[in-house]
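The values are calculated or read from the model by the stated rules, or taken from the named source; none is laboratory data. For clarity, every value in this text was computed on a predicted model and none was experimentally measured. Positions of Cβ are backbone-derived with ideal geometry, glycine not excepted, and every protein chain shown enters the neighbour counts. Heads up: the accessible areas ignore ligands, DNA and RNA and are worked out on the full protein's heavy atoms, side chains in. Shrake-Rupley method; radii C 1.70, N 1.55, O 1.52, S 1.80 Å.
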Amino acid sequence: MQHSDFTDYACDLAEHLCTIKNSSFQKGSTQSRVLLEKTPGNFVEFDLTPFYAQPDIVSAATLFSGIRTLAKLIDAYQLARQSLPFEDSLTIQHQLHPFATSFTRNIISASHQSFSDEDAAIIASWVSQLDIYTAVKCIESLLNSHADLQLLKLARDCNWNIHFDHLAIRCGNETHNSARIVSDMLIQHHGYRHAHMADAHFYRFDDGWSAYLLYKILDNGQVLRLFIDQSDHDHPKQIIQHWNRLYGFTAHHLAMRATINDNEHQAITLTSIGELLAQHNIKIMTPTGMYTQGLLQQVFTRPEITHTLPPEINHELTAISPDLPEILKNGKLLELVSRREVEMPFKSRFFSLYGLKYNANNPLHSVPAYHYFLPAQAAHVIRTSVETS
């Protein structure tokens, strides 16, 4: 496909959104963009052009398909980590505290007391649809958070599909080029790429952190998004560098979204997902994106807490800011995402852009109207992730 085909698709989709009944969308600065009014006189613009890419293989399938036991899941996880370069092969390992290595090791070893073979089969089935990198990071996340696994289980009873939406990988400090080095590894060895839009390559935020954004589509139709974040060099209080020092390059959060398991794959709202999780004592933080007409809505669940930090870490953090130790205990979150689905025939047109055939019966064949991250919302959810109440 030509790049013009991607643009034509976006232009037609933008026109459709602006003309449907009771639409709040307005035409944007180009034909491929739409505007929404966030507050009176304050507009947010969305570029609907899908990222350019060739589909990649589902590299996790060979290792994780058909697994039925926790022991086999852990074996496959270890093989996956050895099959391609990961962050432990990079020059930025020196910034980690020894606790970071034991943190990941303890997640795996503790799983034998906390997870069943049935749990392992659910996890393996879900990650087998991903690539090696996201499968490894998702297993670490799923074995560290019962909220994530609970959502996968509850979805079966609701007849929902639970989709991988994105991972946020916490790196160190910009002084060491932490996020750039990780991004370069992902591009070189794992097949990720930046979006075609220059303003979607890198975000810098006023409160001292920045991030690279990477994308991939697999030949099963699964879209993978990565948010590679770091602290800026002149913000010693910014939490991401300290998270990285303590927890290594594990995911700060795994983001999941849900669609109805039918031919339409309509998005499940954050309200519905939150109400379901609340029934199982999983609490939700403050959502954002309710002004986007469902293009992108996001919220965190309450974090997994690390109750005891190494004494020297406590001392270091307290010297920087007295509240840092408590914030740093927020070790891992589940992010819930809702993305508005396109209607037919846009679903089949989207897949044809990548040389793929749309299959309404394939639970992976979800097609959101908007595929990217929204800076204002990214900033919001990161801020809420440091709440200690």
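Residue by residue, segment 374-382 carries 3J(HN,Hα) couplings of 10, x, 4, 6, 4, 5, 5, 5, 5 Hz when phi is fed to the Karplus relation 6.51 cos²θ - 1.76 cosθ + 1.60 (θ = phi - 60°); x denotes Gly or Pro.
What the Cα atoms of segment 140-297 give is an Rg and a Dmax of 17.0, 50 Å.
Taking a ≥ b ≥ c as the square roots of the Cα gyration tensor eigenvalues, with a/c under 1.5 meaning rounded and otherwise prolate when a/b beats b/c, else oblate, which class fits segment 73-141? Verdict is oblate for segment 73-141. Annotation: amide H-H contacts under 5 Å for LYS27 (H modelled 1.01 Å from N, sequence separation of 5 or more, or interchain): LEU35. Compactness of the chain, taken as the C-alpha radius of gyration over 2.2 N^0.38 Å, stands at 0.95.
A Cα-only calculation for segment 319-358 places Rg and Dmax at 21.4, 58 Å.
Legend: residues TRP209, TRP160, sorted from most to least accessible area (1.4 Å probe; ligands, DNA and RNA excluded), read TRP160, TRP209.
Can you compute the FRET efficiency between THR271 and ARG193 using 1/(1 + (r/R0)^6), with r the Cβ-Cβ distance and R0 = 22 Å? Round to the nearest 0.05. Computed FRET efficiency for THR271 and ARG193 comes out at 0.05. The shape of segment 12-89 comes out prolate: with a ≥ b ≥ c from the C-alpha gyration tensor, a/c is at least 1.5 and a/b beats b/c. Within segment 296-389, the GluC sites (Glu not before Pro) that combine a DSSP coil assignment with at most 16 other C-beta atoms in a 10 angstrom radius are GLU343, GLU387. Using only the C-alpha atoms, the convex hull of segment 176-236 corresponds to 86 Å³ per residue. Distant-in-sequence amide contacts of ARG193, defined by a placed amide H-H separation under 5 Å and a gap of 5 or more residues or a different chain, comprise TYR215. Summing charges over all other residues whose Cβ lies under 12 Å from the Cβ of SER183, with Lys and Arg as +1 and Asp and Glu as -1, gives -1. Maximal additional length on extending the ASN361-THR91 stretch stands at 92.7 nm, based on 0.36 nm per residue less the C-alpha distance. The string of couplings for segment 197-204 from the Karplus curve (6.51, -1.76, 1.60, θ = phi - 60°) is 8, 4, 6, 10, 7, 8, 10, 10 Hz, one whole number per residue in order, with x for Gly and Pro.
Measuring nothing but alpha carbons in segment 148-208 and taking Rh as the Kirkwood radius, the Rg to Rh ratio lands at 1.12. A simple rule links phi to the HN-Hα coupling: the Karplus curve 6.51 cos²θ - 1.76 cosθ + 1.60 with θ = phi - 60°, which for segment 118-125 gives 4, 4, 4, 5, 5, 4, 4, 4 Hz, with x for Gly and Pro. When every Cα-Cα distance of segment 93-233 is counted in 5 angstrom steps from zero, the calculated P(r) takes the values 2, 8, 16, 19, 18, 16, 12, 6, 2, 0 percent. Please state the shape class of segment 306-389: rounded when a/c is under 1.5, otherwise prolate if a/b exceeds b/c and oblate if not, all from the C-alpha gyration tensor. Prolate is the answer for segment 306-389, as a/c is 1.5 or above and a/b outweighs b/c. Each of PRO85, ILE122, THR269 was placed along the dipole of the chain (beta-carbon charges, centred on the mean Cα), and the one lying farthest toward the positive end is ILE122.
Can you compute the label reach from GLU343? Point 7 Å from Cα along the Cβ direction, backbone N cut-off under 15 Å, restricted to segment 8-34. From segment 8-34, the list is 12-25. Each residue, ASP5 and LYS27, gets one label point 7 Å from its Cα in the Cβ direction; the gap between the two is 2.7 nm. Just to be sure I understand: of the beta bridges DSSP finds with both ends in the chain, what percent are antiparallel, rounded to 5? Restricted to the chain, the bridges split so that about 80 percent are antiparallel.
Computed from Cα atoms, the angle from the helix 3-19 axis to the main principal axis of the chain rounds to 80 degrees. A DSSP coil position with no more than 13 other Cβ atoms inside 10 Å describes the following trypsin sites (Lys or Arg not before Pro) in segment 6-51: LYS21. For LEU254, nonlocal amide neighbours, meaning residues 5 or more places apart or on other chains whose placed amide H falls under 5 Å from its own, are LEU333, GLU335. Ordered from highest to lowest accessible area with the whole protein assembly present and a 1.4 Å probe, ILE305, ILE57, ILE217 read as ILE57, ILE305, ILE217. Within the same chain, lysines fewer than 8 places from LYS329 are excluded, and of the rest, those with a Cα less than 29 Å from its Cα are LYS137, LYS153, LYS237, LYS283.
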